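The values are calculated or read from the model by the stated rules, or taken from the named source; none is laboratory data. Because the structure is a prediction, the values reported are computed rather than measured. Please note: Cβ atoms are built from the backbone with ideal geometry, for glycine as well, and neighbour counts cover all protein chains shown.
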Amino acid sequence: MRRGHTIGLCFGSAGVGKTLSARRYAHYEKAHDLLTYWGPRSDNDAKIYAALNRSRTVLYTPSVLTTPRTLKDELTQAITRTNMCIEQHLVPPGTATPEAWGWRHGRNYVELIIVDEAERLRPAALELLRDRYDRDDIALILIGMPGLEKQFSHYPQFYSRVGFAHQYRPLGQDELLFVLERHWRS
């Protein structure tokens, strides 16, 4: 998905695992505090840097009243911080030369942006995401409630770039038993 540089829509009812899947893929539980409360670094952060390097993904959830300007600023901040963490993994401290610092010279390591609660986006914010997708050659997944795909079909410039739409469904009985038998203790 992220290397295919496409736009995907994922939708489903509340509680079927959309947000959980996105958080797990982006290593959000590990990285949230480090990326949100940007501050002094520690040696323990190396594991987070490595996880962010593996996923190369930014997870973003707009607030209910997010303006396009706020979306742009918050997304830029999240991508910048993620790039810095990935670079810390790729170029360990003490080994850096001016040529080694790729991101600081315009290299973007982030390959995928996942936007949760995407139904909150207004048309101008959607256009901003489409523009970023076009300019940065980056994959984009928008996650939301059923009807998301219909909502976005009203914006032809955006919708023409959608490569897939996936509906999350509740687990069936056999699937639920499989998960409970193998993962209950964790």
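Within the stretch 116-127, which residues are buried (at least 18 other Cβ atoms within 10 Å of the Cβ) and in contact with a helix residue (DSSP H, G or I) (Cβ under 7 Å, 6 or more places away or on another chain)?
Across the stretch 116-127, the qualifying residues are ASP116, ALA118, ALA125, LEU126.
Could you give me the residue pairs with C-beta distances under 8 Å whose first residue belongs to the stretch 63-89 and is touching a residue at least 24 places away in the same chain (Cβ under 8 Å), whose second residue is hydroxyl-bearing (Ser, Thr, Tyr) and surrounded by fewer than 17 Cβ atoms within 10 Å (Cβ to Cβ) wherever it lies, and which are 6+ apart or on separate chains?
Close Cβ pairs (under 8 Å, with a partner that is hydroxyl-bearing (Ser, Thr, Tyr) and surrounded by fewer than 17 Cβ atoms within 10 Å (Cβ to Cβ)) amount to SER63/THR70.
Could you check ALA100 against (1) out of contact with any Cys (no Cβ under 9 Å at 6 or more places or on another chain); (2) modelled with pLDDT of 90 or more and say which number it fails?
Result: ALA100 fails condition (2) only.
So if I check each of ARG56, ARG41, which one is farther than 16 Å from ASP116 by Cβ and touching a strand residue (DSSP E or B) at 6+ places or on another chain (Cβ under 8 Å)?
Being farther than 16 Å from ASP116 by Cβ and touching a strand residue (DSSP E or B) at 6+ places or on another chain (Cβ under 8 Å) holds for just one of ARG56, ARG41, which is ARG56.
Answer yes if at least one residue in the stretch 32-44 is among the aliphatic types (A, V, I, L, M), surrounded by fewer than 13 Cβ atoms within 10 Å (Cβ to Cβ), part of a helix (DSSP H, G or I) and out of contact with any Asp or Glu (no Cβ under 6 Å at 6 or more places or on another chain), and no otherwise.
no
With THR82, THR76 as the choices, which residue is among the polar types (S, T, N, Q), surrounded by 18 or more Cβ atoms within 10 Å (Cβ to Cβ) and at pLDDT 90 or above?
Unique residue meeting the criteria: THR82.
Taking into account only those residues within the stretch 1-31 that are of a type in the set (D, E, K, R) and over 26 Å from LEU128 (Cα atoms), which is surrounded by the fewest Cβ atoms within 10 Å (Cβ to Cβ)?
Within the stretch 1-31, the match that is surrounded by the fewest Cβ atoms within 10 Å (Cβ to Cβ) is GLU29.
When you scan the stretch 107-120, how many residues do you find that are under 16 Å from the mean Cα position of the chain (by Cα) and modelled with pLDDT under 90?
Residues meeting the conditions: 1.
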